[in-house]
Structure formats: structure tokens, C-alpha cells
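First up is the structure itself, then whatever we jot down about it.
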Amino acid sequence: MKKVFFITFLFVFQYPINLIAQLNLLTDQEVISIIDRVPDIANALKDECPIFSSTIWYGDIVSIQVRRSCGPHAGQLVGNYQVNKRNGEVITGWDNPLPVLDIDGEAFAKQIVAQAQERILSLDEAKCLVKEAAKNLPELKKSSTEISIKLSENTISSDNLATFIITDNSNTPHNGKERKFNINLDEVKIYENDSDISVVSPGIDNLVSKLLGLRAPMLLIEREIKDVIIAIPEIANLLTDECVLYARNESLNRSIAGVGCNSSVSIKTVYINPQTGEVTDPETGKSLDTPESKKLARLFFDQKLLNKSQLEKEIEVVCRP
């Protein structure tokens, strides 16, 4: 029988603060999903448990190192790759970069990039944020229901910047006064006139949080993954004071989880599909699901649907004309 070794690498993906709300850039899980389509990685996924580490950022480019984490070649390098988070292009090498996706991989990358582009704010959502921003204008605080907001004739610029004009229609000395707001539809930032300082307020922050929550993928998070796999006796029986659960999200359809001891050595590793909650053995592909683990996964997904439904209702109330 082939002896299997598991190695846990303690590298994590880190997003720069200014990219947290960059809606049209690929997320880390989308990046890994595309890299999975690289032929060398696809082969390693069959029985060598590739893991992704050493993440370094160069603007919109993320550099990722991939190593085998199980099997007789555990720890050995598969390759170093650079992924463009705007267009999904994957290359290897810097001096003489070479594309590494095949035709199917390129098609998949285009599909994921198109989905990312669909995450930018709609004009109705942008108008709602401008309405919230208008509440901070001193002369409009008492007449916020007597304003009109319209999209500028210039509509949307090539860099996804939309301009809205607010007109004061109240019976005050400010009647007829106009104010201009620019809103970045992919960064979710609002600017008054041509200022380079974004408008902020508790109301704006709350609405942005809801809009981002509405766009959150229907995927199990690491805490939920741990709850699912602990419902599998084969894993639960391995837990001790020194050996604890770990979970790490990777691609859109694969997370790595298991039991690790002394903060570094994994004695049991499993794959879990964050889209379905299905748990499998990474070497054999055999299902490790139990009735209880399936039930927990369904409960988590049901709750996510309820949360999104509630967010939609709350946003509708805030944005109602």
C-alpha cells in the first residue's frame, strides 16, 4: 500500500485593504479555481493534494507557488504561477512568461472573469448610496425627502465611475441648488464633486456592508467547515488537546480541512466542497459524508439563503424612493 505523507503549509492569502471592496477583481478562491485548470495542477489534484502558498502581490497580479502535500512526493514543487486578477490570465516565469492554460482553461477563466464583472454596483444601488451620502449635506439634512437625484448625461466612464446630480427641491433658500457626486461602481466609493476623498458615514458604511453581503458567494466558511467535519467520527476521534481541527479555503469547489497536531503536522486531511458540503478523501476521492455532516451543511446553506433574503429586504427599505 502506498504510504501517504501530509504536510501543512502555514501560508494564507492576504488582501490589501484597498482591494477589499474591489468587486470586479477575482477573489482568492476564484484565482485558485482557475489555477486548478492548469494541466500540471489538474494532474496533481488526482492524488497529490496540491496546496497554494507564498502569495505575493504586484498590483493586480498575484504570484502563487504550488506544492504537493500528500503522496510519495509530498513537499515537492509543482510550479510557480502569476495570475492577473482582472483578466484571469495565468503565466509561469517572469523574464519569458508563458501562458499555461489550455483552451478549456481559458474558457473557464473568461467565465469567472465575466461573473466578477457582474458584481459591480447597479445604477439603482449607486443612486441609493448617493441618496445616503446626501444625508450628510448640512443644507439637506432637514429636507432629504425633497431632493431629486439623476444620473449625469455623461452616464458611466470607462473606469466605472458614475456621476449623479442632486437637486434641492425644498422650500428653503437652497432650492434649486445642485451638488455632484461621483461613485466608483467597482470600488464602492463615493466622492463629492471632484474631490479625491471619499464620503463616509455610518449610514453609508451600513449600506455598503449590506450590498457586499448580498454579493457574498454561497460557500461554507472555515468555521462552518470545521463544524461539518467534526460530525464525521473518523475525524472527531482524532481530536486531543494537542491535535485540533484546521480548515483552509482554496478554490470555489475545494477546501482543505482536517486534524493537525503541534501546529504543523496534519494526521488527517480531507477535501470539502464549500459549495455543497461534500467531504471526500483527497487521495482516493471516496466520500466521507455522514448523515449528521450532510444535515449540518444543509442547515448552513439554508441560513445563508435566509440571510441574503433578509439583506434584500433591508436594502429595499433603505433605497425605497
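The values are calculated or read from the model by the stated rules, or taken from the named source; none is laboratory data. On a predicted model such as this, the values are computed, not experimentally measured, just so you know. Glycine gets a Cβ as well: all are built from the backbone with ideal geometry, and neighbour counts include every protein chain shown.
Those strands (runs of 3 or more DSSP E) of the range 29-123 in which 3 or more residues are closer than 23 Å to Ala247 by Cβ and out of contact with any Cys (no Cβ under 9 Å at 6 or more places or on another chain) occupy 50-58, 61-68. Residue count for the range 261-312 under the criterion of being among the polar types (S, T, N, Q) and closer than 14 Å to Ile235 by Cβ: the result is 6. Filtering the range 185-202 down to residues that are buried (at least 18 other Cβ atoms within 10 Å of the Cβ) and among the hydrophobic types (A, V, I, L, M, F, W, C), which residue is farthest from Leu121 (Cα to Cα)? If we take residues in the range 185-202 being buried (at least 18 other Cβ atoms within 10 Å of the Cβ) and among the hydrophobic types (A, V, I, L, M, F, W, C), then Val199 is farthest from Leu121 (Cα to Cα). I'd like the full set of residues that are under 18 Å from Ala126 (Cβ atoms) and either in contact (Cβ under 8 Å) with a residue 40 or more places away in the chain or basic (Lys, Arg) (or both), limited to the range 305-321. Scanning the range 305-321 gives Leu311, Glu312, Glu314, Ile315, Val318, Cys319, Arg320. For the range 224-262, filtering for residues that are touching a residue at least 24 places away in the same chain (Cβ under 8 Å) and either β-branched (Val, Ile, Thr) or in contact with a strand residue (DSSP E or B) (Cβ under 8 Å, 6 or more places away or on another chain) (or both) leaves 21.
Of the strands (runs of 3 or more DSSP E) lying entirely inside the range 220-313, those containing at least 1 residues that are modelled with pLDDT of 95 or more span 265-272.
Among the residues of this structure, Thr172 counts as one that is of a type in the set (Ser, Thr, Tyr), surrounded by 13 or more Cβ atoms within 10 Å (Cβ to Cβ) and at pLDDT below 90.
Taking Ile34 as the residue in question, decide whether it is of a type in the set (A, V, I, L, M), within 19 Å of the chain's Cα centre (by Cα), at pLDDT 85 or above and under 17 Å from Lys110 (Cα atoms). Answer is yes for this residue.
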